[in-house]
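Student: I'd like to ask you about the structure that follows.
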Amino acid sequence: MLWVVLVLMAPTARADEGFSLSAGAKDLSNYFPPYLANGYVSTLGSPRGTEGNLAYMVAFMDYGEKDISRPAAIPGWTEIDYRADALSKGASWLNRAPLDAAHFTDYRQTLDLHSATLTTAYRYADGSRHSDIKVVTFVSQASPHLSVTQLAITPDFDGQVQLSFALNLWAPHQPRFPLGTLSGPEMEENLAANGLNMEPVAPATPDRAALWYHGDTHVLDATGDTQNLTMWLDGKAEKGLKMAQAAAVSLPAGLVPVAVTLYQSSYRLSLIVTVQVEKNKTYAFNKFVAHSRAGWGGDAADDLKLVTLARAQDFERLLSEHRSAWSALWQSDIVIEGDAPAQLAAHSELYYLLASSTTDTAWPMGACALTSGYSGHTFWDSDTWIFPALLLLHPERAKSLVMFRSRTLPAAQKRALERGRAGAMYPWESDPENGDEQTPHFAGVLGEREIHVNADVAIAQWQYYLATLDREWLRLQGWPVIRSVADFWVSRASYNARLHRYDILHVTSVDEDYSDVPNDTFTNVAAAKALRIAAAAALIVGARPDPRWRQIAEHLHIPFSVSGQHHLDFDESVPHGSSSWGGSSVPMLLLPSVDLKMSAQVRHNDYHYAKRLLAESQRDPNSMGLAPASITAAVAGDASAAIDWFHGNFTGGTLKPPFNVRTETARNNAGYFVTAAGGMVQNLVYGFTGLRITEAGLVDTYPPILPPEWKSLTLRHLEFRGQYFDVQVARDATGRVIRTRLPR
């Protein structure tokens, strides 16, 4: 991909009702590729709109020798290349033309968040021949196996042109590193020996790109039919699942091709079509692609039937159905009146979450969505950051995340048994298909010691039950997970006879610079909550609670400064540095799903203690920490600070232009970071409203917050315990901020 600045200075587009993100020519120097997905299939965008781009399928993983699992890049399906002069050997293909003003003018690319479509338009010069180009691409929300691209050309000449409709069969990534066995120093040596490093390359290459490369799909059989304008292939991820694709091309009505050829190589399958065009007439060419994998769809023959039917239905009908499906999703919305940048940020965060989630499945969400970031693995991000953000707005999508933990419970139980523990020990990095541990060897300490993930899993299961009161689901799905997690904590906690308490030793803190501490506060608080949840859930499903659950929960040590009257990050015996990666994990204690009970004074003290540590840290702030800081300030009653933290979440450099791609930090370029997207949505849904999900219901826990420039904040079409309603935060006639529930 070429990251070249076009010299044409097109104006930057403004947001259209908070749903439109656009790039002009001048934006391409900071271009982070847009992202199109429907939770099952994804693709990245590209400047021309016609390039072949990396694409992925949900939980379709490559299991290389001595390596961690990786998302296997499926054959890229977006490419439609164009040559304006089919008869001249000197004519160039559009995708090979330099990305400069000599070849491209009147450039505009727009990501419509409301309809999840990417539209690219420009005037293209190929020698003396000019063509107006418009490309529209979408991954269907209405028919999840389908993806569609339309290329419309308007030539200023008469003559023959060529189009190439390709499936890109990616070469295996080189070099591959055995991250399942490499130590940290060995990893660095291997990178250096190959001339690689982990520094980000602006604008869009992430740090760790040398390690977070995609896995491989081996194409087993690929062919096409020039008469029917179709192609199809069968493939298989390395030591992984089988997959298939098919494509069907439609030409403009009445246009008969001069010639059609099939091109096949190790890395490309393409239909090359030559047609005669007339000056100033518009021609629309459509490419319909179907995707499937083992456990989701059929084989290439089934995909071929699907794309043939899609072609018969035509592009406009499929686009209309896709838009309608997204319109239905946007019934549940976050509406900010009076602050266009905040509204656009809220919509873009929701878009990336919705585009990366599935309905009523048992698939999780990776920290970087359906990309190769963090190797597509599942962390506590799925349970604690993303799940609560979706729970009230889209419970059917939140359910898929907790169902993943239910589906992979046997793998977690096996892992606990291998370590001499009871119950279930969920991995720090779970494979999204089978739930196995996939933490790289050089980060193995996290896999063994960052065990708060187990409590996070159980808390999410309970939150889903509290939001739905679905007893049958709890009995069959949630309860086995909750019980097994509680049993794990019983076997992991140790009794301190001298101090008459329970400790959890040798833990990696949420602030991961501290990789071996006793009594990490967030871990112990979350573990105690998980144990209490187990006792409560047992009574609901008619089981007998283990008395040790409550005993340990009541006596588990929660580090606290008596003199300062605030919580500590971990055990009093561990000094706390001022420049750690996370600054402080104390704000995590007031995440909406954890919500540790404490006095108003302690909440106030906790916030100011954490605020000092965050301010003293010299590290690049992680965007995960911004929402908890804002929520903690809100709980502590500091509305001004809560608003400042929130503003920093979308003005501090972690939303990359031009398509609001969320990165992990402002500098590390780990993109499509839906973890922090979930945090920002939680900031609005729970932080500013004061709402919390409890046994008593969806309760108002503290006065709501509204930034001074906002006229209102409205959460539309929330669903809770079978009821639908809106929640609005606005000002009354006296200027007081009030919270109102409006039935639907």
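The values are calculated or read from the model by the stated rules, or taken from the named source; none is laboratory data. Small disclaimer: the values here were computed from a predicted structure and weren't measured. Here the Cβ is made from the backbone with ideal geometry for all residues, glycine too, and neighbour counts use every protein chain on show.
Student: Please find, within the stretch 81-117, the residue that is farthest from R268 (Cα to Cα) out of those that are touching a Gly at 6+ places or on another chain (Cβ under 9 Å) and hydrophobic (A, V, I, L, M, F, W, C).
Tutor: Looking at residues that are touching a Gly at 6+ places or on another chain (Cβ under 9 Å) and hydrophobic (A, V, I, L, M, F, W, C), I get L113.
Student: Being out of contact with any Lys or Arg (no Cβ under 9 Å at 6 or more places or on another chain), among the basic types (K, R) and surrounded by 23 or more Cβ atoms within 10 Å (Cβ to Cβ) narrows it down to one residue among R405, R419; which is it?
Tutor: Working: R419 fails: surrounded by 23 or more Cβ atoms within 10 Å (Cβ to Cβ).
Answer to the selection: R405.
Student: On to the next question. For the list (1) closer than 18 Å to G76 by Cβ; (2) outside any strand (DSSP E or B), I need the number of the one condition that N197 fails.
Tutor: All conditions are met except number (1).
Student: Still on this structure, please answer the following. Return a yes/no flag: does the stretch 342-355 have any residue that is over 26 Å from E448 (Cβ atoms) and aromatic (F, W, Y).
Tutor: Yes: one or more hits.
Student: Among the residues of the stretch 359-393, which ones are touching a helix residue (DSSP H, G or I) at 6+ places or on another chain (Cβ under 8 Å) and among the hydroxyl-bearing types (S, T, Y)?
Tutor: T359, T361, T378, S382, T384
Student: I've got another one for you. Which members of the stretch 287-309 meet the condition of being over 21 Å from A72 (Cβ atoms) and touching a helix residue (DSSP H, G or I) at 6+ places or on another chain (Cβ under 6 Å)?
Tutor: F288 - this is the single residue of the stretch 287-309 that is over 21 Å from A72 (Cβ atoms) and touching a helix residue (DSSP H, G or I) at 6+ places or on another chain (Cβ under 6 Å).
Student: When only residues in the stretch 505-523 that are among the hydrophobic types (A, V, I, L, M, F, W, C) and buried (at least 24 other Cβ atoms within 10 Å of the Cβ) count, which is farthest from the chain's Cα centre (by Cα)? Walk me through how you get there before you give the answer.
Tutor: The initial filter retains those residues of the stretch 505-523 that are among the hydrophobic types (A, V, I, L, M, F, W, C), namely 505, 507, 510, 517, 522.
Subsequent filtering for residues that are buried (at least 24 other Cβ atoms within 10 Å of the Cβ) retains 507, 510, 522.
Values: V507: 27, V510: 20, F522: 24 Å.
The extreme case among them is V507.
Student: Please tell me if S375 is buried (at least 24 other Cβ atoms within 10 Å of the Cβ) and within 17 Å of G678 (Cα to Cα).
Tutor: Working: buried (at least 24 other Cβ atoms within 10 Å of the Cβ): yes; within 17 Å of G678 (Cα to Cα): no.
Answer is no for this residue.
Student: Which one is farthest from A443 (Cα to Cα), of the residues in the stretch 367-383 that are polar (S, T, N, Q) and assigned to a loop (DSSP other than H, G, I, E, B)?
Tutor: Start the filter on the stretch 367-383 by keeping residues that are polar (S, T, N, Q), which leaves 371-372, 375, 378, 382.
Applying the additional criterion that residues be assigned to a loop (DSSP other than H, G, I, E, B) yields 371-372.
Values: T371: 21, S372: 18 Å.
Selected residue: T371.
This table checks each residue for (1) of a type in the set (G, A, S); (2) under 30 Å from L163 (Cα atoms).
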{"residue": "G195", "(1), (2)": "yes, no"}
{"residue": "V201", "(1), (2)": "no, no"}
{"residue": "L211", "(1), (2)": "no, no"}
{"residue": "G235", "(1), (2)": "yes, yes"}
{"residue": "L241", "(1), (2)": "no, no"}
{"residue": "A247", "(1), (2)": "yes, yes"}
{"residue": "L251", "(1), (2)": "no, yes"}
{"residue": "V258", "(1), (2)": "no, yes"}
{"residue": "Y263", "(1), (2)": "no, yes"}
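Student: Any idea which of G577, G583 is of a type outside the set (F, W, Y), surrounded by 24 or more Cβ atoms within 10 Å (Cβ to Cβ) and either farther than 16 Å from G690 by Cα or touching a His at 6+ places or on another chain (Cβ under 7 Å) (or both)? Give the derivation first.
Tutor: Numbers: G577 fails: surrounded by 24 or more Cβ atoms within 10 Å (Cβ to Cβ).
The match here is G583.
Student: Same structure again: For a quick check of your reading of the model, give me the residue pairs whose first member lies in the stretch 128-140 and is in a loop (DSSP other than H, G, I, E, B), whose second is at pLDDT 95 or above, with beta-carbon atoms closer than 7 Å and at least 6 apart or on different chains.
Tutor: S140/N38; S140/L146; S140/S147; S140/V148; S140/L318; S140/H322
Student: On the given criteria, is S515 among the hydroxyl-bearing types (S, T, Y), within 24 Å of W385 (Cβ to Cβ), in a loop (DSSP other than H, G, I, E, B) and touching a Leu at 6+ places or on another chain (Cβ under 7 Å)? Write out each step before concluding.
Tutor: Numbers: among the hydroxyl-bearing types (S, T, Y): yes; within 24 Å of W385 (Cβ to Cβ): yes; in a loop (DSSP other than H, G, I, E, B): yes; touching a Leu at 6+ places or on another chain (Cβ under 7 Å): no.
So S515 does not fit the description; no.
Student: While we're looking at this one, here's another question. If I ask for residues that are under 30 Å from E429 (Cα atoms), at pLDDT below 95 and surrounded by 19 or more Cβ atoms within 10 Å (Cβ to Cβ), which ones from the stretch 60-98 would you list?
Tutor: G64
Student: Another question, then. From E719, E709, which residue is buried (at least 16 other Cβ atoms within 10 Å of the Cβ) and of a type in the set (D, E, K, R)?
Tutor: E719
Student: Right, another one. Restricting to the stretch 297-346, give me the number of residues that are under 24 Å from the mean Cα position of the chain (by Cα) and of a type in the set (S, T, Y).
Tutor: 3
Let's see how each residue does on (1) more than 24 Å from Q276 (Cα to Cα); (2) within 23 Å of the chain's Cα centre (by Cα):
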| residue | (1), (2) |
| --- | --- |
| G52 | yes, yes |
| E65 | yes, no |
| I68 | yes, yes |
| P71 | yes, yes |
| T78 | no, yes |
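Student: Please list, ordered by first then second residue, the pairs with beta carbon atoms under 9 Å, 6 or more apart or interchain, first in the stretch 688-706 and closer than 23 Å to R532 by Cβ and of a type in the set (S, T, N, Q), second at pLDDT 95 or above and part of a loop (DSSP other than H, G, I, E, B).
Tutor: Pairs found: T694/D595; T694/T701; T701/D595; T701/G690.
Student: List pairs: first residue in the stretch 506-517 and farther than 12 Å from V453 by Cβ, second residue outside any loop (DSSP other than H, G, I, E, B) and of a type in the set (F, W, Y) anywhere in the structure, Cβ distance under 8 angstrom, at least six positions apart or on different chains.
Tutor: Close Cβ pairs (under 8 Å, with a partner that is outside any loop (DSSP other than H, G, I, E, B) and of a type in the set (F, W, Y)) amount to S509/F522.
Student: Name the pairs whose Cβ atoms lie under 7 Å apart, with the first residue in the stretch 296-324 and in contact (Cβ under 8 Å) with a residue 12 or more places away in the chain and surrounded by 14 or more Cβ atoms within 10 Å (Cβ to Cβ), the second part of a helix (DSSP H, G or I) and among the small types (G, A, S), and 6 or more positions between them or separate chains?
Tutor: Note: pairs meeting the criteria are L318/A310.
Student: So S430 clears everything in (1) in contact with a His (Cβ under 7 Å, 6 or more places away or on another chain); (2) within 23 Å of L655 (Cβ to Cβ) except one condition, right? Which one?
Tutor: Result: S430 passes all but (2).
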